[in-house]
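Down below is the structure, laid out as structure tokens.
The values are calculated or read from the model by the stated rules, or taken from the named source; none is laboratory data. Everything numeric in this text was worked out from a predicted model, so none of it was measured. Because the Cβ atoms are built from the backbone with ideal geometry, glycine has one as well, and the counts that use them run over all protein chains shown. These area figures cover heavy atoms from the full protein model, side chains too; ligands, DNA and RNA do not enter into them. Shrake-Rupley method; radii C 1.70, N 1.55, O 1.52, S 1.80 Å.
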Amino acid sequence: MYNNTFGNIFRLTSFGESHGKAIGGVIDGFPAGITIDMEFIQKELNRRRPGQSAITTARKEADEVEFLSGIYEGVSTGCPIGFAVWNTNQHSNDYDNMKDVYRPSHADYTYTQKYGIRDHRGGGRSSARETIARVVAGALAKLALRQLGISITAFTSQVGPFKLDKDYTTYDLTSIENNPVRCPDQDLARQMADYIFRIKGEGDTIGGVISCVIKGCPVGLGQPVFGKLHAALGNAMLSINAVKGFEYGQGFSNMELKGSQQNDIFYNNNGEIGFRSNRSGGIQGGISNGQDIYFRVAFKPVATVLMEQPTVDIHGNETILKARGRHDPCVLPRAVPIVEAMAAMTLLDYYLLDKASTL
């Protein structure tokens, strides 16, 4: 399998399967001299790990990262950073009835057609457990970006029919960890959690939207043609399991407005150039303009549902599948740190690229 590496200068190459021995990776291009906050990295992994609430999968994993290289006395050395997170709680037998059956909307059929072999246990490489490596690399990227004054906050903005109806600037984004859904509106979060729990009881799943805000991004990140910053962010987000769509700025909303109504007007802000609005989402011409970068990522419902569904086996015979095992009824709460991680890796990579754009 190819394309297991993400990034240009800051690069993550990941490895591992859901029911293999470990998930891990090698990070190259990480700057030397960055203080590595192990407690922060583990906290980020804890936000992603299974079994953290009644509305997530019951799989129990400590998800403790072990760094193998590239860090000395708590500081990055500039050498490749190798790491592993060991799997300890696989129930591979839960997948025995799926070995010769294609699960609806999963990668089973396409993997088999492409490679002629697949690991049916938990989805193998296509499992969302693969995103552990992204969260580790993203946490390191966040530590570097923190020194540059750049912060990244993602949050659940929609679950099924329940969604935030105001601009992100009206919410306290520091409150998202106060509820298991990671939504900044505490009342709506309770409704979302109750809805997910009810869907879980039915053996079904539900999707929604995660929004993300990047603050403190300097002007100039991104290239004007094939290296547009929003295209890189879109590529990063669309590489996450279950993602079906990406939009930045106003995206698909307010398409009835004219250009004169959509434009972000410049003005003289006490001797500095300012903007009257931020409908562009902090990126113009593929290049960051210094304003908040904000975008939305749509997630489909988890494909594994704990109810009977018609399908076919590997020989094309029609059959009925009832999945077993421990699965998320809604991926959004655990996907919030994954969205942040991919945004952080993209921003750090493009910051380093920008340093090579002029002498």
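Relative protection proxy for 17-26, 306-315, 33-42, from highest mean packing down: 17-26, 33-42, 306-315 (other beta-carbon atoms within 10 angstrom).
Summing charges over neighbours of Ser157, with a neighbour being any other residue whose Cβ is under 13 Å away from its Cβ, gives 0 when K and R count +1 and D and E count -1. Net charge near His230, counting Lys/Arg +1 and Asp/Glu -1 over other residues with Cβ under 13 Å of its Cβ? Counting the neighbours of His230, the net charge comes to +1. With the helix formula -39500 (n - 2.57) applied to DSSP H stretches of n ≥ 4, the chain reaches a computed 222 nm mean residue ellipticity of -8000 deg cm²/dmol.
Across the cross-link table entries Lys99/Lys244; Lys166/Lys355; Lys163/Lys322, which are compared at the Cα atoms, the separations over 29 Å belong to Lys166/Lys355; Lys163/Lys322. Across region 182-194, coupling constants 3J(HN,Hα) worked out from phi with the 6.51/-1.76/1.60 Karplus curve, θ = phi - 60°, read 6, 10, x, 9, 5, 5, 5, 4, 5, 5, 4, 4, 4 Hz, and Gly and Pro carry x. Taking the accessible area of region 151-226, probe 1.4 Å, and keeping the other protein chains in place, the carbon and sulfur fraction comes to 54%. Phi angles of region 337-344 translate, via the Karplus equation with coefficients 6.51, -1.76, 1.60 and θ = phi - 60°, into HN-Hα couplings of x, 5, 4, 4, 5, 5, 5, 5 Hz per residue; Gly and Pro are given as x. Around the amide H of Asp328, modelled in the peptide plane, lie the amide H atoms of Thr57, all under 5 Å away and 5 or more residues distant in sequence or on another chain. Summarising the amide proton neighbourhood of Glu61: residues at separation of 5 or more, or on other chains, whose placed amide H is nearer than 5 Å comprise an empty set. Summary of the geometry: region 46-79 and region 255-293, compared by the centres of their Cα atoms, lie 38 Å apart.
For Leu12, the shell of other residues with beta-carbons less than 13 Å away shows a net charge of -1, using +1 for Lys and Arg and -1 for Asp and Glu.
Charge dipole (Cα centre; +1 on Lys/Arg Cβ, -1 on Asp/Glu Cβ; no other charges) of the chain amounts to roughly 260 debye. For Ala22, the residues whose modelled amide H falls within less than 5 Å of its own, excluding neighbours fewer than 5 places apart on the same chain, are Glu17, Asn87. Computed 3J(HN,Hα) for region 227-236, one whole-Hz value per residue from the Karplus formula 6.51 cos²θ - 1.76 cosθ + 1.60 where θ = phi - 60°, is x, 4, 5, 5, 5, 5, 5, x, 4, 5, glycine and proline marked x. Packing order of peptides 64-70, 226-232, 161-167, 139-145, highest average first: 139-145, 226-232, 64-70, 161-167 (average count of other Cβ atoms within 10 Å over each peptide's residues).
Based on Cα contacts under 8 Å between residues 6+ apart, region 1-74 shows a relative contact order of 19 percent.
Shape verdict for region 1-66, please, from the Cα gyration tensor: rounded (a/c under 1.5), prolate (a/b greater than b/c) or oblate. In terms of gyration-tensor shape, oblate.
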